[in-house]
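Okay, structure first, notes after.
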Ligand code: FES
């Protein structure tokens, strides 16, 4: 997996030809954006390098993705910022023989019970006594 955390789940995003050519879309829980790039597809963590905002809905034109907030531009397929501020974190994309696209979406942290939370925060306090 490229650029993700330790755990990821594979999420289907439909067929290549069903993805819009003029804007990116969110995948899974919205932590990933999927961008059609010609006959191929690329995906990135959904965090603009400017202010960590969502890139979902950003326009894709002439091989570039524009952040919908303040229009920072990223070159496709690498996701490199045109002004030299770095590169978006890539996410693994798989396209099967039928053109079905799947992306690796970070698995959300498991829910923590209130008891576990209290125990985790009580131990350091006990040690200070
Ligand atoms: S948050 Fe993307 S350009 Fe400002």
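Where a number appears in this text, it was derived from the coordinates with a stated rule and is not lab data. The shown structure was predicted, so the numbers you read here are calculated from the model rather than taken from an experiment. Neighbour counts are summed over all protein chains in view; Cβ atoms, including those assigned to glycine, are modelled from backbone coordinates with ideal geometry.
Couple of notes before you dig in:
- Packing-based ranking, highest mean first, of 85-94, 39-48 given that Cβ atoms within 10 Å are counted: 39-48, 85-94
- Inter-site label distance for residue 89 and residue 29 at 7 Å from Cα along Cβ, in nm: 1.3 nm
- Full-extension gain in nm, residue 64 to residue 7, via 0.36 nm per residue minus C-alpha separation: 17.6 nm
- Relative contact order computed over the chain (Cα-Cα under 8 Å; 6+ residues apart), in percent: 28 percent
- Label zone at residue 96, where the point sits 7 Å out along the Cα-to-Cβ direction: the stretch 39-66 residues whose backbone N lies under 20 Å: 40-43
- For the chain, the longest principal axis of the alpha carbon atoms and the long axis of helix 114-128 meet at an angle near 60°.
- Net lengthening on full extension, residue 122/residue 50 (0.36 nm per residue, minus Cα-Cα): 22.2 nm
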